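**Q** One structure coming up, written as structure tokens, with questions to follow.
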Amino acid sequence: MNPFIILSANEMRAAEKLAIDGGIASAALMEKAGEGVAHHAMRFWSKRPTVVICGPGNNGGDGFVAARVMKSAGWPIRVALLGKRESLTGNAKLMADLFDGDVVPFEKAVLNNCGLIIDAIFGTGLSRATEGEIKSAIGAINDNPAPVLAIDLPSGLDADTGAVLGEGSGAVVHARRSVTFHAKKPGHLLFPGRALSGAVDVVDIGISDQITAATGAQTYTNHPGLWGGLLPQPHWGGHKYSRGSVMVVSGGPLNTGAARLAARGALRIGAGAVTMLTPAEAAPVHAAHLTAVMLRIANNDEDVAKAMAASEHMPMALVIGPAAGVGEGTRAKVMAGLKSKAAVILDADAITSFADQPQTLFSALRPTDVLTPHGGEFARLFPEAAKLDGKLEAARRASKEANAVVVLKGADTVIAAPDGRALINTNAPPTLATAGSGDVLAGFIAGLRAQGMDGFGAAAAGVWFHGAAGQTIGDGLIAEDLPDAVPAVMRILFQKDQPEKNQAAAPEAN
Ligand SMILES: NC(=O)C1=CN([C@@H]2O[C@H](COP(=O)(O)OP(=O)(O)OC[C@H]3O[C@@H](n4cnc5c(N)ncnc54)[C@H](OP(=O)(O)O)[C@@H]3O)[C@@H](O)[C@H]2O)[C@@H](O)CC1
Ligand SMILES: [K+]
């Protein structure tokens, strides 16, 4: 199993079909799924009275298997059914028939004195908001103090978007843990689904990686396992410019801090040289603050173009947006950057500046340029994509529309590339929601881009480092701390705290 792949409900159904076409019996898939749930329950909880609540479809079928396996292991099991027994069909009916205990219609009293509830009401087949007896049952489950183990997904949660289809306490199950099959679903990682799913375990039900690939799935959990090997490493023969040069466009004299945060982020993530492109009147403010970051006056787009041209021979990235100001001046500087050979990272005001003329921007962007909007900026530049169901599809659509990498920020940041690849980030602590945090992120991405990572890789690694830096700092985090936490994260990632791995690499013989 690929530990990073994420499958939508449709992709999961396609994988199941391919597995069945390849000779695996569908009942065997369900048997493995239910068995996985039972073993998970028995591993995490001590033996206790357990109620399995089964719905009308195959999620319920998994519940009947789990009930059978746990009962035969000596667990006190009750099964409650939502819907009519005679309406069960296919494998769900088969598994219900194979369960040799009592099956009662669901009523609230069935939960009395239980120590564990297994939610087998709905999984990937949820098609509408809960109502009636199902809504009451979910409300009763949530009111009960027993922990809930959800099969596949907490019932009521949309597998593809992480959204809850209905409202109120009976709309969705609040699970302590979830056991899903073959791969996580986007709903496990996108909020509120991530909070509702609890800890998620993925069980192998015998579907091969070749089948996963054949579904065309292109969504992954963001993790160094995907891009760690591409991270730039300093080399004995390098010098500051060969390590990558980053230029950051500053706002006016009262708006300089954001650009400095980005500049420091770029420097800490490993760019060899960072230059602040500043309007003349803001230069003294920067001069009073900056040390390793260089200063160059750039009052307008022509000056930006000249700065870019002067550095054309080196690997370079340009950050523009943090407190840059919204309007024609910023638009012109962006266009100057996009005409140069530099990789461009657009954030904040640079994004908002194109809200009324997105096509001007989209036609100039290149597929490895990066846009880093938060939700509000995203909706201004991509009003149609913002209306789509779920952050994943919104980011994917926007990336295609803009022909650039889109980093749709939040607690569950989504990174999307124009070719359809997408990542969901999971390591960001809530303390990252603080002023200036996004400016540092833009600097991280630019620093990695200047060192040679492509737009998607730099965005993925930048977002991950941002989360990891936030975790390292812990409570009390302010944006200024983030760049300075990078060395600690690198030490852990590259295991440089292990003395035997900490030797300076000897030059290779030639
Ligand atoms: N794919 C795989 O590889 C494997 C899948 N497996 C398992 O199968 C699960 C998917 O099964 P599934 O497709 O039968 O859907 P499921 O979630 O049981 O619900 C569908 C039923 O609920 C109904 N219904 C929906 N919403 C409703 C509502 N609000 N209120 C009331 N009714 C509602 C819907 O009715 P309908 O929409 O047709 O009217 C239909 O009757 C998956 O999550 C996993 O657990 C494993 O066995 C291993 C391999
Ligand atoms: K469920």
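The values are calculated or read from the model by the stated rules, or taken from the named source; none is laboratory data. Computed from a predicted structure; not experimentally measured. Neighbour counts run over all protein chains shown; Cβ positions are idealised from the backbone, glycine included. For the accessible areas, the whole protein counts, side chains as well, though only heavy atoms, and no ligand, DNA or RNA atoms are used. Shrake-Rupley method; radii C 1.70, N 1.55, O 1.52, S 1.80 Å.
**Q** Against the definition (within 12 Å of Val249 (Cβ to Cβ) and surrounded by fewer than 24 Cβ atoms within 10 Å (Cβ to Cβ)), how does Ala307 come out, yes or no?
**A** Yes, satisfied.
**Q** Restricting attention to the range 181-199, and to residues there that are hydrophobic (A, V, I, L, M, F, W, C) and away from ligand 2 (no atom under 12 Å from the Cβ), which single residue is surrounded by the fewest Cβ atoms within 10 Å (Cβ to Cβ)?
**A** Among those residues, the one meeting the criterion is Ala199.
**Q** Let me ask something else. Quick one: which of Ala73, Ala66, Ala41, Ala96 is out of contact with any His (no Cβ under 6 Å at 6 or more places or on another chain), over 16 Å from Ser178 (Cα atoms) and open to solvent by less than 20 Å² (accessible area, probe 1.4 Å)?
**A** Answer to the selection: Ala96.
**Q** Being near ligand 2 (Cβ under 10 Å from one of its atoms), touching a strand residue (DSSP E or B) at 6+ places or on another chain (Cβ under 8 Å) and closer than 26 Å to Thr215 by Cβ, is that true of even one residue in the range 126-134?
**A** Yes; the residues of the range 126-134 include at least one that is near ligand 2 (Cβ under 10 Å from one of its atoms), touching a strand residue (DSSP E or B) at 6+ places or on another chain (Cβ under 8 Å) and closer than 26 Å to Thr215 by Cβ.
**Q** Within the range 236-244, is even one residue touching a Pro at 6+ places or on another chain (Cβ under 6 Å) and either outside the structural domain of Glu16 (by TED's automatic domain parsing) or hydroxyl-bearing (Ser, Thr, Tyr) (or both)?
**A** Checked the range 236-244: at least one residue is touching a Pro at 6+ places or on another chain (Cβ under 6 Å) and either outside the structural domain of Glu16 (by TED's automatic domain parsing) or hydroxyl-bearing (Ser, Thr, Tyr) (or both).
**Q** If you take the residues of the range 138-163 that are in a strand (DSSP E or B) and away from ligand 1 (no atom under 11 Å from the Cβ), which of them is farthest from Asn2 (Cα to Cα)?
**A** Here the answer is Val148.
**Q** What number of residues in the range 147-180 are open to solvent by less than 10 Å² (accessible area, probe 1.4 Å) and away from ligand 2 (no atom under 11 Å from the Cβ)?
**A** 3
**Q** Kindly list, by first and then second residue, each pair from a residue in the range 107-123 that is in contact (Cβ under 8 Å) with a residue 12 or more places away in the chain and within 15 Å of Val179 (Cβ to Cβ) to a residue that is away from ligand 1 (no atom under 16 Å from the Cβ) and open to solvent by 40 Å² or more (accessible area, probe 1.4 Å), limited to pairs with Cβ atoms under 8 Å and residues at least 6 apart or on different chains.
**A** Leu116/Arg48; Leu116/Pro49
**Q** Now, a different point. On the basis of being more than 30 Å from Leu226 (Cα to Cα), open to solvent by less than 10 Å² (accessible area, probe 1.4 Å) and within 16 Å of ligand 2 (Cβ to nearest atom), does Gly57 make the cut?
**A** no
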